[in-house]
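Everything on this sheet refers to the single structure shown next.
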Amino acid sequence: MRIAVFGAGGRIGQLVVAKALCHGHDVLAAVHKTPLAHEHPRLAKSQGDVRDLDFVRSVVKGADAVAFALSSGSGARAHLHEAGIANVVQAMAENDVSRLAVVSAAGTFARADHRLSLAYRAWIAAAMGAIYDDLEAMERRIMATGLAWTIVRPYGLTDDPPTGHYRVSLDGSLLPKASRIPRGDVASLLVKALETDTYYRRAAVVAT
């Protein structure tokens, strides 16, 4: 399978690229400014802005599946996730590509839910409101399509080694006593979502 990875220079995106290559896939890694040091015979790289439709078309053309793993920190560019996914969805439709896996965040559409810790809710309210607005707009666009999509909503991301033993809620509901998950586990789930139908048209909340 040939997988186009948007956000390939980010901390999750780099791990998605590595995991996809490890599983034998060909990868086209799309980065904005952060260079991707990874080198591999089945890896091609492309630099551009996900808000540029022509760039997105050039990345998606010839792909069998798309992983969208933009960093939340990139939200400083207003409406980045919504604008980017709009271009990705259009390019996928033009190129008859149906499989899509996207990173969002736990608490999307439920940012005041008491199953989130008080600290997590306070963090969203104080620092992440605009980013959550953007993520929710992105998810609405995805869910309105007929694509074979999966949305992965991780809890607080860490750089700890991946555990391989994470919990997943397949109906979008929040997980009890959850707060963290290694980025490596999120990357693994994203690639798995492209390889199987387990997470077909699901918003999967994930934590260790």
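Data table
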read-out	value
Charge-dipole axis of the stretch 2-207 as Lys and Arg at +1 and Asp and Glu at -1 on Cβ define it, positive-most pick from H38, M92, A127	A127
Likely footprinting exposure, W123, W149, fewest C-beta neighbours within 10 Å first	W123, W149
Ranked M128, M1, M143, criterion: other C-beta atoms within 10 Å, fewest first	M143, M1, M128
Highest-fluctuation residue, D96, D134, D64 considered, GNM on the chain with Cα pairs under 10 Å	D96
When the convex hull of its Cα atoms is projected in every direction, mean area for the stretch 52-160 (nm²)	7.4 nm²
Whether the stretch 1-103 is rounded, prolate or oblate, judged on the alpha carbon gyration tensor where a/c under 1.5 counts as rounded	oblate
Charge dipole (the stretch 2-207, unit charges on Cβ, about Cα centre) - positive-most of H114, L28, G7	H114
DSSP-defined antiparallel bridges as percent of all bridges, the chain, nearest 5	10 percent
Built amide H within the under 5 Å cut-off of R202, gap 5+	I151
Ranked list, fewest to most other Cβ atoms within 10 Å of each Cβ, for K177, K19	K177, K19
Simple Cβ-charge dipole of the stretch 2-207, Lys/Arg +1 and Asp/Glu -1, about Cα centre, in debye nearest 20	380 debye
Note, ³J(HN,Hα) from phi for the stretch 194-205, Karplus 6.51, -1.76, 1.60, rounded to Hz, x at Gly and Pro	7, 8, 10, 9, 4, 10, 4, 6, 10, 9, 9, 7
Distance between modelled label sites at A44 and A137, nm, 7 Å Cα→Cβ extension	3.2 nm
Estimated 222 nm signal from helices in the chain, with DSSP H stretches of n ≥ 4 weighted -39500 (n - 2.57), rounded to 500	-10000 deg cm²/dmol
Overall dimensions of the stretch 2-207 as given by Cα atoms, namely Rg and Dmax in Å	15.7, 48
Binned Cα-Cα distance frequencies in the stretch 142-189 - 10 Å width, integer %	24, 50, 23, 4
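Every number in this text was worked out from the coordinates using simple rules, so none of it is lab data. As the structure is a computational prediction, the values presented were derived from the model and not from experiment. Using ideal geometry, Cβ is built from the backbone for each residue, glycine included, and neighbour counts are taken over all protein chains shown.
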